[in-house]
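No value in this document is a laboratory result; all are computed from the given coordinates. Since this is a predicted model, take the numbers as computed values, not measurements. Every residue, glycine among them, receives a Cβ derived from its backbone with ideal geometry; neighbour counts consider all protein chains shown.
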Amino acid sequence: MRLYALCDQEMLDKHNLSLEDFVFLAKKYDAQVIQYRNKTADISFIKQQLILLRQLFEGFLIVNDAFELSSFCDGVHIGQEDLYKIDSDAKKAIEILKEVIGKDKLLGLSTHNKDEILQANELDLNYIGLGAYRPTTTKDVDNILGETLDEIASFSKHPVAAIGGVCLEDSFKNVTYHVIGSGLL
């Protein structure tokens, strides 16, 4: 199992944890990737958090949605809704994103079903997130894949990160990364 730690600011605030606390836990469990997600802060706060995370963590650092801050990390993860805010054509939206973030940056896209994976197979991505596996406390989800997640993941040509309610003990055949947030606490 390869660990992709989801550092959600709302979760940190809820548990009264600092970035230093979270990175300590991520390192304890040998996380290779940290994604910083903050859906409510302004861009300058997110930038400050990314700068601090970069000082604390030597692995891959990904920012959720805030692609304009890609120079402060190794890549960007974007959701389906946010992708289509860039352009109504997914391929064109990815091309625009790649121009903005640079060809050397990682780009991941959330997917929730087989159709979205098949569409993602046609896009210039580095990985996909697939889920939710179970209900999660870090995000409202209405599509729970459960045990079908691993089978659906087999359709992806990209590495797959299992998202949503994933635990350290979970086991998948077709998944490259376990994305764990509150499960580290």
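Could you let me know the centre-to-centre spacing of the stretch 54-99 and the stretch 1-38, using Cα atoms, in angstrom? Result: 19 Å between the Cα centres.
Its DSSP H runs of at least 4 residues, each contributing -39,500 (n - 2.57), put the calculated 222 nm mean residue ellipticity of the chain at -9500 deg cm²/dmol, to the nearest 500.
Entry note: the stretch 2-184 has Rg to Rh equal to 0.93, where both radii use alpha-carbon atoms and Rh is the Kirkwood radius. When only DSSP loop residues count, what GluC sites (Glu not before Pro) in the stretch 94-185 have their Cβ near at most 13 other Cβ atoms within 10 Å? Passing sites in the stretch 94-185 are Glu122, Glu147, Glu169.
For Lys92, a cut-off of 23 angstrom between C-alpha atoms picks up these lysines, skipping any fewer than 8 places away in its own chain: Lys103, Lys105, Lys114, Lys157. Across the chain, the mean sequence separation of Cα contacts (distance under 8 Å, 6 or more residues apart), normalised by length, yields a relative contact order of 20 percent.
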